[in-house]
Structures are given as C-alpha cells and as structure tokens.
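*Asks:* Please find one structure pasted underneath; my questions will follow.
The values are calculated or read from the model by the stated rules, or taken from the named source; none is laboratory data. Every value quoted in this text rests on a predicted model; they were computed, and no experiment measured them. Please note: Cβ atoms are built from the backbone with ideal geometry, for glycine as well, and neighbour counts cover all protein chains shown.
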Amino acid sequence: MSYTPHTDLERQQMLSAIGVTTIEDLFEAVPSSHRFPKLDLPKPMSEMEVAAELSALADANEHAGDFALFRGAGAYHHFIPSAIGHLVLRGEFLTAYTPYQPEVSQGTLQAIYEYQSMMCTLTGMDAANASHYDGATSLAEAVTVSLEVGRQKRKKIILSPAINPQYRAVVRTYHQGSNIKIMGDSGRADIADLIEMLDENTAMVAVSYPNFFGQIDDFAQLAEKVHQAGALLVMVVNPTALGLLKSPGELGADIVVGEGQPLGIPLGFGGPYLGFFAVRNEYVRKIAGRIIGETVDKEGRRAYVMTLRPREQDIRREKATSNICTNQGLMSLTACIYMALMGKYGMRKVAELCYHKAHYAAKQIDDLKGYVVDMGKPFFHEFVVKCPMSVASINDKLIEKGIVGGYDLGLDYPHLKDHMLICVTEMNSKDEIDALVEGLKEAVA
Amino acid sequence: MTEPLIYDLGAAGRRGVLLPDCDVPETPLPAELLRDELDFPEVSELQVVRHFTRLSNLNFSIDKGFYPLGSCTMKYNPKLNEDMARLSGFAAHHPLSDSEGSQGALALMYSLQNWLAEISGFKGVSLMPAAGAHGELAGILMIRKYHVDRGDTKRTKILIPNSAHGTNPATVTMAGYTTVELPADENGDVDLEALKAACDDTVAGMMITVPNTLGLFESKILDVIKTVHECGGLMYMDGANMNALLGAVKPGELGFDVMHYNLHKTFSTPHGGGGPGSGPVGVGEKLVPFLPGPIVGIVEEAKGEDDSPLYGWVTPEKTIGRMKAFHGNFGMHVRAYTYIRIHGDQGIKDITRHAVLNANYIRVNLRDTYHVPFDRINAHEFVLEGHFEGIDSVHALDISKRLIDYGFHPPTNYFPLLVPEALMIEPTETEDKATLDEFIDVMKKIAAEAKENPELLTGAPHTAPVSRLDEVRAAKQLVLCCRPIPEWAETTKSS
C-alpha cells in the first residue's frame, strides 16, 4: 500500500525530463558509503489488515468506553457533543497549514479569534494566545514571561506544591539551562507559606485553582501580597470549574494557564491536548505563541490575521523568548466549538453536575468504615480519600468490577501514601457512583 | 464574504446542547465562590454547525488542492489514520491508567519507537515531545546534560548554519546556550573552513538541517560531523526534511547524535491549521540515558511464542525530565503507526524516492522561467527566486498571492533568508504528474503576466474570500478579543 500515484510511464517521463535514468540517480549527493541502507521494517499491509490490527490494540486498553472511570488528576472524562467530531474532521480544517496566508485561511483565523475571545471571558483576562502544547508547557512558558517582566533580574519562581506534579516537573525541564531558583513545592506549603516566601527577587508565584487535590484554596490575601512584592500571580486553572467559579481575573491573576482538554477533547491517552494561555493587556507583547488579531482587507472588510509577529522565532530567531512554532490548532478549534455548543447555559450546567455528583460521592465514601474524605476545604469535582489499605490493591479489586478507581497520590506525595484522588464528572451516573462506593466497601471487607 | 462572529449569532436564552438532569441529591453551591453569569454565545446546534462549516469553506487545505509549501511537507493525510485515532480504545483511554490496562497503547508506542529508530539509525527514541520545536528543545537539553554530566561545563555555544529554521537559534537560547551562525559556501553547503575556525572546546554542538533548507544534501556532511565531533561537540539533526531521507540514508549512521522527527510532516499526521504536531527525538548510544521520559519499555519478556511481553514505563537513567504532561501527543502516534504499518519497508522507501522525483521534475521545468540559484539535483524541495529582471514592482509575495487565484496554495516565501525573494517549493510524493504539470503551466503563465500586466500579481489574490490584509493595523490597533472587559476587571487592575 502506498499513497504515491505515479504510474511506470509517468515515472519514466519525469526521469527523462530531469535527465537521469533511474530514481536512484537522484541521490548521488548522499555519501555512497551510507546510501540506501537496509530498512528492517514489517512488510506492507492492506488498509483492512491495518484496521484490524489497530482495533485489536485499542481493545486491549481498559478505557472509559467499557469501564466506569473515576480518575482525573489532570485529564478528565467529559461529554463530547457529536457535532464536534463532524466539524473538526472537515478536511478544510484538518488538512490546512498554519494560517501564514491569511487570504485563504480566514476559517482557521476566525475560529482561533473566537477561541481567544471565549478564553478571555472564561478566565477574566484581556488577551489569550492561540495555545501551547498542554497545560504543563503553558506553565513553563508563563515562567519565561514572568522572568521577562522582571527584566531577568528577578530569579525566584515560587510554585505551590498543590500544582499538578507533572506540570512542576516540566517547568524544571524547560528551565534547567538557566540560573533561576524554583522553590516552594518541596514540602506541604499552603497559600500563607507561599506568601511568606515572597521577596524582591520573586518573579512569580503560581497556584492551582482548583488545586491538584480538587480543592479551592483561600486566595483572599494572595494577589495583593504578590503584587506588593512586584511579582506576577499565575493561576493554573481547570476550565470546567470556571463555568461555575469566580474567574481568575477577578481573583487578581496576571497570567492564567491550564489544560483545555476538558473542553471537548478526548482523553486520548494524554494527547494531543490544549495548553491555554491568557494574560492581562500589559503583558501581551511579552507572551509566546501565535496571536490572532482583527483587521480589514483592502476593501475594508473585517478579517483576521496573525499579529504581533515580531515576537516569534521565525522572525526574532535567537532573540525570541520561546521556540514555539506550532499551536494546538485543531484542539483550540475543538474547544471553540465545544464552548459554543455548550454556551452560557451548558458550561454552567456541566460544572454544576460535576460539583453535585462529586459531593454526593464524597459523602457516601466518607461514611464508609475505614475511609476518610478530606472535607477541610471546598472542592470542585475531585477529592482526597484516605484509604485503609494501599491504593493499588483497592484499584486492583475495583477493576474487576469494571471500575477504574482514583489516582494514587502516594506516587507523587510521600506523605499521602494510601491516599486516593477521586474524580467524578457528569459522565458518572448515580449507579456508577453507588457501585464505586460498594466496591470500596467490599475492598476492605 | 464575511462570516459573523459566533457571539453575534446568539439570542438570549437559546441553548445548544442539552445535558441530563442531576440524578443525585444536590449540594448547596458555595455562593461566595461563584462567578457572575458567563458571557458566552447562546446559539443552537444548527447555528454552530453552519457557522463552522462556512468558516471551513474560507480555508485552503490539502483535501482541496495542491499545497507546494516548502519545508512543511503538505502530503496527503490518509483518512484511515483519523479513524484509527478515534477508536474508543485509544480516544477514551485515560493517560494515568495502570500499565496492565494499557497494553494496547503501550505496545503501539513501543513499536513506533523501534520503527522510528530503525528508519533513522538510532539506538533510542522518546515520543514525548509535542512538536518539532519541542523536540529541538529536548535534543539541545540532552546535549547540555551530556556535557554537564561529564563535568565539561565550559561549552556554551551551538553552531548553526545561516540557512536554519528560526526554531533552531530560538531553541539554543531557551536551553541557555549561545548561537554562533555559520555562513554557506557558494554551493549552498556549510562553509567547512568557517566551521573549522569556529570549532573549539567551548562548542557544545551543532544543529543542522539535512537536506538543508535550500533542498540540498550537504555534500560534505561527513566532514562536518567529523569536525564537530573532533572538538568534542555533538551533532543535532533537524528532521524537518526527513521526507527526503527515508530509506535513502540513516542520520544515525552518518554520525548524528540526536534528531527530532516531525510526525506531522514526514509521517502524514494532519497539520490541523497549525497543530497539533508531534516531535519525537531519536538518539545515538551516548544520549540514550538522557532521553526525555518516561518512555515505553518491556518490563517482562514474553514467556513463549504465543505470549506477549508486558510493556511498561521506563525512566532513562539520566533523563532530562518530562517535556510535557503524560506521554506526548499519543493521537499522533496512532496515526504515524498506521502510516508506517500500511507502507511497510518498501512503501517507506517509495515515499522519499517519489518526493525527490516530484521536486526535481518541477525544478527542471521552471528553471528557464525563474532563476534557480542552486540549480543542481535537489532533494524533496528547491528554492527559486520570485522576481524578474527589470520588473521591480513584482515580488515573491505577489507570485504567491497570484497562485491563489489559480487554485494553488503559495510556496513558502522569503525563506531561507540567504536567497533573495525566495520561493521554496515542496510538492511531496502524493501529487500526480498531471497536478505538477498544471502547477508548472500556471507558474509560467504568472511569469508572463508579470511582464505584461504586473497589476494582476500585485493586486492578487482576486478570487479569495478576502483580499490582502492590513497587517500594520492589526498590530497597531490591537483587537484580540471581541468581548468587552467586565467592570470588575477595571477595578482589580488599578488596585
């Protein structure tokens, strides 16, 4: 199988036009010692055979189509309206390139502009870019922006330990070549402790809203203190929660980042996802990534175009603050369509369903002998359960009942050994929740 | 043709998708934590479908026509790939599922790691980076950690030819290194003397695109690699142009230490209007312990012929760390796996052979009409100059815009920077001769128009949904969001 359409005759005609005899003659610039190596790959297959092989691989996974899923921890199972798939699969969106030629890319450009607008509304920020790779890389890019805003003089980055551990790991990967100090997340620091760490060398403080444990921290003092110290407040947020909760803009955030996957993007074993990135106006010229702006064409018709281009790597080269070249184009389109379909009513409704169902589950579980739910702070759709035995052994029993249990927090937080992070969304029916509660009960019986 | 904004289509109280009623007892919402009403569109499903369908009609795409966009490899994206990525066993699989319950996904990633390693002659592959630039960052961070790990801390520079993509120098800066740019010689190759002069014990490595952005195989590539290795530097290959190398040469065998693949170019995953991409990295022996991870490994060998091994996550010993949350753009891995599987050994070789055939065919047919600065056998793409003697008003951009009127996407403009008025043309292997002939005819017709009626070019496009845009206005009167700022925003800002 191959997607090359050439016939023998055409190949011959083309070779004679070029003035060579065989296709191999076109490769003489490749050192002969290394030309045409052996390629040890499987034999070609037909479309039918490949589809069968892939289906078998897909079926070997314990996925949310077959199992009741109560795992979140950064990736969330939500309802995806049918219209999304049909629209996103349109070749005009799917097989277009980056909109460098705006005259023939208005579809992509306007969709991103609408996405940016909705992300501004959701986060309470003035401007959003066309996206980064995921929530984690958005946070890493926020660090870069805060260093720029601090004129590279402020070198301290304070991260809350209640930010997704993988995000914090990515921040460290990105910035391992620079001489900044990343701190705050080695122990159990709460918001008040983070405020204590502020000084004139601090470029930013990042917190998670809701935090990795599903909880909503008290941010009453935070923005004021961070701004008094001359630093930026970065919030890592869950977009579903923002259908219900106060926007980060209202809480005083300067940069809002997060994972857009809950906005209509399938779990997909972790990607491709959508890193959203929104800021207050004063920082827009310092951010990385593609930004779409409104303008007019020669006839004065409203149109959209990539703007503030001189920030980007293809123009600024070694002076650019980020090398990002792609965005998660199709994923931002997906989120845009999702937010339009859900609309004002649906965004709120999804968030409320998550909230009610998670609280229903938490109460039932807290009533079980041996299990304690942390009810110390308000929470959204995830909560922490202290278990009477190892999370792995409980999950092994749950999977036999067709349930994917919560995330084992002990993997990332040594002091939370035997603690499970349970996520409940609108996808979990009352029956599923009751089965989970029953399963947890039986696991210790 | 102007499509209204989605916000402008709504009416207060209209609903799109309905959700079920709550089937559990409700818990009072914490009033002090709630937001004001969300200022979102209120539209019906049909309005959404029509709006985005009409928007899609304003786009050019591979599915619609020929896309000779140099350095972007706009090949056909097989439909099968999309169906495979959407199988619910993949699409609805949680990334933090237990390994035992993820054997299908892990087996797929394991095979893809091995196939990519085999195709490029490397010892290890990590699928984690999410795009080419992301792979570049991973690669340069690996080079950095390799030197640091050896206690060799005085290396601060990365050498880059002046024909490089902008991502290369930007990557170097992100990784905390300094870029040293190298000139090209008169053949478009790296100037070997300049390279030798630049090589010393402060050089951490070199980034180079093969074939280079002029579409030429570096004729002295082995000398380049040897020179950099002799001063203790490592060699990074930008794999953007890998479509010219499949089955033709393995970068790992040439001596490269690390490269990234662009699954969205070479392995046909769709560009999606600018992403998502996928940029796995392959490495030679030296850098295997530094790969970003975790990656997929076999944690328990198969017990017999009919048994499968147990796959699991393995963290390379001296890893540079995670490049993103979870495991990379897995959906792109599924598509690339499908693509390699269907082609097999012979098909993979055929891709490159026909990509190179197509590009050379266009070049020889246009070289009498346009100036081709490096007129020798090229790889999968080539560069010509988009201007004509004595016609000062016509630039490469005008030729590009005029192509739109004829139903073709423009080539890449003004890159690489060392060719004036560059038009970079990459047809890919999936185009047939008739399409190439049509494109050649149109390019000749446009050259004639430039002489007879240059306004046809400078005023182009004439048939696109919009004419040329006022980009200066977009940057000066910055409008990035169509919604008014809420009142509270003004008050929190001034505080």
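*Asks:* If the requirement is being of a type outside the set (Gly, Ala, Ser) and part of a strand (DSSP E or B), which of these qualifies: B:225, B:208?
*Replies:* B:208
*Asks:* Here's a check for you: in the stretch B:163-212, which residue that is acidic (Asp, Glu) and within 11 Å of chain A (Cβ to nearest Cβ) is surrounded by the fewest Cβ atoms within 10 Å (Cβ to Cβ)?
*Replies:* B:181
*Asks:* Are any of the residues in the stretch A:225-244 within 14 Å of chain B (Cβ to nearest Cβ), more than 25 Å from residue B:33 (Cα to Cα) and outside any helix (DSSP H, G or I)?
*Replies:* No; the residues of the stretch A:225-244 include none that is within 14 Å of chain B (Cβ to nearest Cβ), more than 25 Å from residue B:33 (Cα to Cα) and outside any helix (DSSP H, G or I).
*Asks:* Considering only residues that are within 28 Å of residue B:222 (Cβ to Cβ) and over 46 Å from the mean Cα position of the chain (by Cα), which ones fall in the stretch A:1-43?
*Replies:* Selection gives A:15, A:18, A:19, A:20, A:21, A:22, A:25.
*Asks:* Exactly one condition in (1) more than 22 Å from the chain's Cα centre (by Cα); (2) of a type outside the set (A, V, I, L, M); (3) more than 9 Å from chain A (Cβ to nearest Cβ) is false for residue B:335; which is it?
*Replies:* So the condition that residue B:335 fails would be (1).
*Asks:* Ok, one more. Scan the stretch A:326-347 and report the pairs whose first residue is farther than 28 Å from residue B:136 by Cα and more than 7 Å from chain B (Cβ to nearest Cβ) and whose second residue is of a type in the set (Phe, Trp, Tyr) and in a helix (DSSP H, G or I), with Cβ atoms within less than 8 Å and a gap of 6+ or a chain change.
*Replies:* A:336/A:115
Each row is one residue, and each column tells you yes or no for (1) among the acidic types (Asp, Glu); (2) assigned to a helix (DSSP H, G or I); (3) within 30 Å of residue A:295 (Cα to Cα); (4) under 24 Å from the mean Cα position of the chain (by Cα).
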position: B:379; (1), (2), (3), (4): no, no, no, yes
position: B:393; (1), (2), (3), (4): no, no, yes, no
position: B:400; (1), (2), (3), (4): no, yes, yes, yes
position: B:403; (1), (2), (3), (4): no, yes, yes, yes
position: B:431; (1), (2), (3), (4): yes, no, no, yes
position: B:436; (1), (2), (3), (4): no, yes, no, yes
position: B:448; (1), (2), (3), (4): no, yes, no, no
position: B:457; (1), (2), (3), (4): no, yes, yes, no
position: B:460; (1), (2), (3), (4): no, no, yes, no
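*Asks:* Out of the stretch B:418-436, which residues are farther than 20 Å from residue B:243 by Cα and more than 10 Å from chain A (Cβ to nearest Cβ)?
*Replies:* B:418, B:419, B:420, B:421, B:422
*Asks:* Among the numbered criteria (1) outside any helix (DSSP H, G or I); (2) out of contact with any strand residue (DSSP E or B) (no Cβ under 8 Å at 6 or more places or on another chain); (3) under 30 Å from residue A:48 (Cα atoms); (4) facing chain A (nearest Cβ under 9 Å), which one does residue B:346 miss?
*Replies:* Here residue B:346 clears every test but (1).
Matching residues to (1) under 22 Å from residue B:319 (Cβ atoms); (2) surrounded by fewer than 23 Cβ atoms within 10 Å (Cβ to Cβ):
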{"site": "A:151", "(1), (2)": "no, yes"}
{"site": "A:155", "(1), (2)": "no, yes"}
{"site": "A:177", "(1), (2)": "yes, yes"}
{"site": "A:195", "(1), (2)": "no, yes"}
{"site": "A:200", "(1), (2)": "no, yes"}
{"site": "A:209", "(1), (2)": "no, no"}
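Listed here are the residues, each with its yes/no results for (1) among the hydroxyl-bearing types (Ser, Thr, Tyr); (2) within 7 Å of another protein chain (Cβ to nearest Cβ); (3) surrounded by fewer than 23 Cβ atoms within 10 Å (Cβ to Cβ); (4) within 21 Å of residue A:167 (Cα to Cα).
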residue	(1), (2), (3), (4)
A:250	no, yes, yes, no
A:262	no, no, no, yes
A:291	no, yes, no, no
A:299	no, yes, yes, no
A:309	no, no, yes, no
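*Asks:* Of the numbered conditions (1) more than 10 Å from chain B (Cβ to nearest Cβ); (2) touching a Pro at 6+ places or on another chain (Cβ under 7 Å); (3) more than 26 Å from residue A:128 (Cβ to Cβ); (4) not acidic (Asp, Glu), residue A:269 fails exactly one; give the number of that condition.
*Replies:* Of everything listed in (1) more than 10 Å from chain B (Cβ to nearest Cβ); (2) touching a Pro at 6+ places or on another chain (Cβ under 7 Å); (3) more than 26 Å from residue A:128 (Cβ to Cβ); (4) not acidic (Asp, Glu), residue A:269 misses just condition (1).
*Asks:* Answer yes or no: is there a residue in the stretch A:132-143 that is in a loop (DSSP other than H, G, I, E, B) and either outside the structural domain of residue A:225 (by TED's automatic domain parsing) or not charged (D, E, K, R) (or both).
*Replies:* So far as the stretch A:132-143 goes, yes, one or more of its residues are in a loop (DSSP other than H, G, I, E, B) and either outside the structural domain of residue A:225 (by TED's automatic domain parsing) or not charged (D, E, K, R) (or both).
*Asks:* Do we find a residue being at the interface with another protein chain (Cβ under 7 Å from one of its Cβ atoms), touching a Leu at 6+ places or on another chain (Cβ under 7 Å) and not in a loop (DSSP other than H, G, I, E, B) anywhere in the stretch A:89-100?
*Replies:* yes
*Asks:* Over 25 Å from residue B:324 (Cβ atoms), crowded, with 20+ Cβ neighbours inside 10 Å, in contact (Cβ under 8 Å) with a residue 24 or more places away in the chain and facing chain B (nearest Cβ under 7 Å), is that true of residue A:107?
*Replies:* no
*Asks:* Identify the single condition in (1) surrounded by fewer than 20 Cβ atoms within 10 Å (Cβ to Cβ); (2) touching a residue at least 40 places away in the same chain (Cβ under 8 Å); (3) not acidic (Asp, Glu) that residue A:358 does not satisfy, given that it satisfies every other one.
*Replies:* (1) is the only condition that residue A:358 fails.
*Asks:* Turning to a different aspect of this structure: Starting from the stretch A:200-216, keep only residues that are assigned to a strand (DSSP E or B), then list their pairs with residues that are aromatic (Phe, Trp, Tyr) whose Cβ atoms are within a distance under 9 Å, requiring at least 6 positions of separation or different chains.
*Replies:* As it stands, the answer is A:206/A:167; A:207/A:219; A:208/A:167; A:209/A:219; A:215/A:379; A:215/A:380; A:215/A:383, since those pairs meet every condition given.
*Asks:* Sticking with this structure for a sec: Take the stretch A:16-57 and flag every residue that is under 24 Å from residue B:376 (Cβ atoms), at the interface with chain B (Cβ under 7 Å from one of its Cβ atoms) and either touching a residue at least 60 places away in the same chain (Cβ under 8 Å) or hydrophobic (A, V, I, L, M, F, W, C) (or both).
*Replies:* Within the stretch A:16-57, A:17, A:18, A:23, A:26, A:27, A:29, A:30, A:36 qualify.
*Asks:* A further question follows. Please list, ordered by first then second residue, the pairs with beta carbon atoms under 6 Å, 6 or more apart or interchain, first in the stretch A:76-96 and over 20 Å from residue A:260 (Cβ atoms), second of a type in the set (A, V, I, L, M, F, W, C).
*Replies:* Here the result reads A:95/B:62, each pair linking the stretch A:76-96 to a residue that is of a type in the set (A, V, I, L, M, F, W, C).
*Asks:* May I ask you to say which residue of A:152, A:166 is assigned by TED's automatic domain parsing to the domain that holds residue A:270, part of a helix (DSSP H, G or I) and either out of contact with any Gly (no Cβ under 8 Å at 6 or more places or on another chain) or in contact (Cβ under 8 Å) with a residue 24 or more places away in the chain (or both)?
*Replies:* A:166
*Asks:* Scan the stretch B:73-104 for residues that are polar (S, T, N, Q), outside any helix (DSSP H, G or I) and more than 7 Å from chain A (Cβ to nearest Cβ) and jot them down.
*Replies:* B:73
*Asks:* Testing residue B:47 on (1) within 8 Å of chain A (Cβ to nearest Cβ); (2) surrounded by 14 or more Cβ atoms within 10 Å (Cβ to Cβ), one condition comes back false. Which one is that?
*Replies:* (1)
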